[in-house]
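A short worksheet on the structure shown next.
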């Protein structure tokens, strides 16, 4: 999953060096998509609380942080 994030995510940091030796980099149509999109990425392992309310609040926090990461 993180590979998809590093490939597609629009970021200040250039991650193209991670893919330059891979087959996907040989195809211009795919290469042109690298670093072009905001990618929402979080793990639900951080949401395992003992009540629905706490879990829901934690999930809201994860989504809010992802939204902030892509505020541009």
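The values are calculated or read from the model by the stated rules, or taken from the named source; none is laboratory data. This one's a predicted model, so the numbers in the text were calculated from it and none came from an experiment. Here the Cβ positions follow ideal geometry from the backbone for every residue, glycine too, while neighbour counts run over all protein chains shown.
State the number of residues belonging to the range 6-22 that are part of a loop (DSSP other than H, G, I, E, B) and either closer than 19 Å to residue 41 by Cβ or in contact with a helix residue (DSSP H, G or I) (Cβ under 7 Å, 6 or more places away or on another chain) (or both). First the steps, then the outcome.
Kept after step one, since they are part of a loop (DSSP other than H, G, I, E, B), are these residues of the range 6-22: 10-15, 19-22.
Filter once more, keeping what is either closer than 19 Å to residue 41 by Cβ or in contact with a helix residue (DSSP H, G or I) (Cβ under 7 Å, 6 or more places away or on another chain) (or both): 10-15, 19.
Result for the range 6-22: 7.
Considering only residues that are surrounded by 13 or more Cβ atoms within 10 Å (Cβ to Cβ) and either assigned by TED's automatic domain parsing to the domain that holds residue 70 or without any contact (Cβ under 8 Å) to a residue 24 or more places away in the chain (or both), look in the range 1-15 and name the one that is nearest to residue 68 (Cα to Cα). Steps first, please.
Quick first cut of the range 1-15, residues surrounded by 13 or more Cβ atoms within 10 Å (Cβ to Cβ) only: 5-9, 11, 15.
From the residues that got through so far, the ones that are either assigned by TED's automatic domain parsing to the domain that holds residue 70 or without any contact (Cβ under 8 Å) to a residue 24 or more places away in the chain (or both) too are 6, 15.
Working: 6: 18, 15: 20 Å.
Looking at the filtered set, the residue picked out is 6.
Is it the case, given these coordinates, that residue 2 is on the phi < 0 side of the Ramachandran plot and either more than 15 Å from the chain's Cα centre (by Cα) or at pLDDT 95 or above (or both)? Even if it seems obvious, please write down each step before you answer.
Numbers: on the phi < 0 side of the Ramachandran plot: yes; either more than 15 Å from the chain's Cα centre (by Cα) or at pLDDT 95 or above (or both): no.
Considered against the rule, which asks whether it is on the phi < 0 side of the Ramachandran plot and either more than 15 Å from the chain's Cα centre (by Cα) or at pLDDT 95 or above (or both), residue 2 comes out as no.
Going through the range 23-53 one residue at a time, which ones are within 19 Å of the chain's Cα centre (by Cα) and not in a helix (DSSP H, G or I)?
Residues of the range 23-53 that are within 19 Å of the chain's Cα centre (by Cα), as a first pass: 24, 30-47.
32, 33, 34, 35, 36, 37, 38, 39, 40, 41, 42, 43 - these are the residues of the range 23-53 that are within 19 Å of the chain's Cα centre (by Cα) and not in a helix (DSSP H, G or I).
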